[in-house]
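Encoded as structure tokens, the structure appears first; notes follow it.
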Amino acid sequence: MSHRCCLLAIVLVFYLGWLPMAPVFAEDVAVRVKLIQGEVPMDPLSPDWNKAPATEFPMSPQVHWQTRIGEVTVKSIKVRGLHNNKQIAFMLEYADPTQDPADAAGLEFMVGEKKAHFAHGQPMMEMEGGPVNIWYWRNNTGAADMTAMGFGTLKKQAQQDIQAKGVWKDEKTKVQYKQRKLSLRKDPKGEVLKDPKTGDPIVDEETKVVEQDVTGVWRVVFARALTTADKEDAEFPTGTFPNIAFAVWDGHKLDSGDLKESGSQKAVSSWWYFNAEPPTDYSIYLYGLVAVALAAGVEFVIIRKVRKGQPT
């Protein structure tokens, strides 16, 4: 996109007023998926989830499809992960003031070695595109294991490998995020000022932090085997850092009868990372024991030779 086109987009954004930005959140960029003993919990309210640290990520309106919205309900999302070396589970936690049949959430992963864009693997300027695996959950229909490789290619997989369960609770929480306001700079006469070099309008930006009290929290758990035989599935070897992205839909029905968010009108994240904690490698302790035994053996031989008057 040319510089002039970018300026035109900014000017158009100005008419939208305050726009949401990334929320205030931790500096972590990876979900730490803790290794546990026993079964991974499918219950979002299980105390086992307290064993997993939460990592918070910003959410913003999807802008890659033509059908989009300027603001979304979910500004940030907390993610936890657990695995038992066989199954892996993620829990998404986010504020949503109402429980609705069409409320939905999703996880997205790259499949294979190609670097796919988080917008359904659509080819972009810096990426040739590639397949993605999407885990989808909707309140009134349950889970779906899906695949895509570009806009308009989303489909359910023939083999459904995932499970998902959501629980909404009427509890209070705080949501903190940043907003920015773009405005055209004007002179005392009210005329729009322009850059003397380019002739483009000068745009000023103002940012402020907004904190909202929200009643209502969704907790949604997704689970699947770490590895499967399905070529359309993403694989998650322990100790690696695969990409992960998130999407959320507020399915509240408006007075017009339309859903507040549906289809491409949703809150999304960019690619982040997760790491499934590998099992403890006990070989280092074995090597240590072998070294101690060898040292003890050498010392024993030396002591015997000294007692017998033999040179060491």
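The values are calculated or read from the model by the stated rules, or taken from the named source; none is laboratory data. A quick note: this is a predicted structure, and the numbers were derived from the prediction, not measured. Note that each Cβ is placed from the backbone with ideal geometry, even for glycine, and that neighbours are counted across all protein chains shown. For accessibility, only protein heavy atoms count, side chains too; no ligands or nucleic acids. Shrake-Rupley method; radii C 1.70, N 1.55, O 1.52, S 1.80 Å.
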Would you mind putting 204-215, 128-139, 257-268 in packing order, based on average other-beta-carbon counts within 10 Å, highest first?
128-139, 257-268, 204-215
Provide the descending list of Cα extents for the range 50-109 along its principal axes, expressed in whole angstroms.
41, 26, 23
Between the range 50-111 and the range 210-279, the alpha-carbon center distance in angstrom
4 Å
Residue-span extension gain [T240 to D170] - 0.36 nm each, minus C-alpha spacing
21.5 nm
Report, to the nearest whole %, how much of the accessible area of the range 79-202 belongs to carbon and sulfur atoms, 1.4 Å probe, protein only.
49 percent
Label-point separation (nm) for Q159 and T98, each offset 7 Å from Cα along Cα-to-Cβ?
4.1 nm
Point-to-point label distance, E205-V192, nm (Cα→Cβ direction, 7 Å offset)
1.9 nm
Largest-first ordering by accessible area, 1.4 Å probe, given options V72, V192
V192, V72
